[in-house]
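Contents: one structure, followed by commentary.
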């Protein structure tokens, strides 16, 4: 049983250099842009001003998420809390699209097809070719993965399938202890998480867009179902205001 009402905050990393250029990023390890750094600073101040305090944090092994977490925890004077990084919190692996311009892909394949790849639940882009230098098989951060665990392309459903064991085994137990948890991750990983937390259908999740560096706050019951969920935003740039939401797909 939860001893106190646990809070979970999901935060997409700040805008990256490739977000800025309109490229598919996936597992490519691209850093934050100057705007992304500022977004992360604002997110940290908003959460601090809102009185949020975390007991533990989780993030991916990609630097745009890690740096966002560092900045946020620095702003909140919480750099001392335990943090855990996992490849299972990585962005969706976009296959052969990784590094490609979204505009160029729309010209080549059509806007509708690219939209299916970006938002569809089961739509999987073309696999990254064998031997492609973009494939991270020799990256030391994935050295513990067994053969086949590094995908060559993922749908949102695939992302959900590799993410949820980490949720069940690592994140959920901390929340069930009543701990407040911060997860700094990526747009599609967060979509997969909220799909399960809110029981969003396969069809409706296609309508959900996750903004960069806007904290999404959940207050959870003892079954880890949301009692309240809301985006934390600032209307005047200084004091945070909580916007209640009945449906994330209605808000973004």
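The values are calculated or read from the model by the stated rules, or taken from the named source; none is laboratory data. Please read all numbers here as calculations on a predicted model, not as lab measurements. FYI the Cβ positions are ideal-geometry reconstructions off the backbone, even for glycines, and counts take in every protein chain you see.
Points to keep in mind about this one:
- Qualifying residue in segment 49-60 (condition: without any contact (Cβ under 8 Å) to a residue 40 or more places away in the chain, at positive phi and in a loop (DSSP other than H, G, I, E, B)): yes
- Members of segment 146-171 found to be modelled with pLDDT of 95 or more and surrounded by fewer than 16 Cβ atoms within 10 Å (Cβ to Cβ), listed by number: 161, 165, 168, 169
- Per-region count, segment 152-186, residues in a loop (DSSP other than H, G, I, E, B) and within 25 Å of residue 219 (Cβ to Cβ): 5
- Within segment 103-138, considering residues that are within 24 Å of residue 85 (Cα to Cα) and touching a residue at least 60 places away in the same chain (Cβ under 8 Å), the one surrounded by the fewest Cβ atoms within 10 Å (Cβ to Cβ): 134
- Selection within segment 23-48 - in contact (Cβ under 8 Å) with a residue 60 or more places away in the chain and in a strand (DSSP E or B): 23
- Residues in segment 6-22 that are assigned to a helix (DSSP H, G or I) and surrounded by 22 or more Cβ atoms within 10 Å (Cβ to Cβ): none.
- Out of 106, 112, sole residue that is over 30 Å from residue 41 (Cα atoms), in contact with a helix residue (DSSP H, G or I) (Cβ under 6 Å, 6 or more places away or on another chain) and outside any loop (DSSP other than H, G, I, E, B): 106
- Among (1) farther than 20 Å from residue 58 by Cα; (2) surrounded by fewer than 21 Cβ atoms within 10 Å (Cβ to Cβ), the one test that residue 205 misses: (2)
- Filtered residues of segment 61-77 (kept if under 23 Å from residue 166 (Cα atoms) and part of a loop (DSSP other than H, G, I, E, B)): 61, 62
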